[in-house]
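To start, the structure under review is shown below, and the notes come after it.
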Amino acid sequence: MPKRIRIGGNVQEANLITRVAPAATNFQGEVVLSVVIGREGSVQEINVVRGHPMLVPASIDAVRQWKYRPTLLNGTPVEVATEVTLKF
């Protein structure tokens, strides 16, 4: 049984229970984060894939508070690696 599976961001978004919006900023752009969601649905790891340096801190602060429904593989919760895109 794999410890972690990779799921596309659009698929995993359907399991999102709590979404905290990033703090408002004067900058516009997009930030893409690589995220690991733990077995219980909380965000465990966040790494920046790309994005404006002024938008990254607000993005990380927001995504760290997100909560997902646990992802089940054959009835067992597993960690999920996915990408999250935030638009400002």
Would you say P53 is in a loop (DSSP other than H, G, I, E, B) and free of Cβ contacts under 8 Å to residues at least 12 places away in the same chain? yes
Within segment 28-50, residues among the charged types (D, E, K, R) and part of a loop (DSSP other than H, G, I, E, B) come out as R39, E40
*With respect to S42, is the statement that it is closer than 13 Å to L16 by Cβ and surrounded by 14 or more Cβ atoms within 10 Å (Cβ to Cβ) true?*
yes
Within segment 56-78, restricting to residues that are in contact with a Gly (Cβ under 6 Å, 6 or more places away or on another chain) and part of a strand (DSSP E or B), the one that is nearest to I7 (Cα to Cα) is Y68
Going through (1) part of a loop (DSSP other than H, G, I, E, B); (2) more than 12 Å from the chain's Cα centre (by Cα); (3) at pLDDT 95 or above one by one, T25 fails only at (3)
Restricted to segment 45-59 and to residues being of a type in the set (A, V, I, L, M) and within 12 Å of T25 (Cα to Cα), the residue surrounded by the most Cβ atoms within 10 Å (Cβ to Cβ) is L55
Given the conditions (1) outside any strand (DSSP E or B); (2) among the aliphatic types (A, V, I, L, M); (3) loosely packed, with under 15 Cβ neighbours inside 10 Å, every one holds for I17 apart from (1)
*Can V78 be described as among the hydrophobic types (A, V, I, L, M, F, W, C) and buried (at least 18 other Cβ atoms within 10 Å of the Cβ)?*
yes
If you go through E40, E30, E83, E13, the only one that is within 10 Å of the chain's Cα centre (by Cα) and modelled with pLDDT of 95 or more is E83
Given (1) in contact with a Lys or Arg (Cβ under 9 Å, 6 or more places away or on another chain); (2) closer than 16 Å to V84 by Cβ, G8 misses just (1)
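The values are calculated or read from the model by the stated rules, or taken from the named source; none is laboratory data. Just so it is clear, the structure is predicted and the values come from calculations on it, not from any experiment. Positions of Cβ are generated from backbone atoms using ideal geometry, with glycine treated the same way; all protein chains shown enter the neighbour counts.
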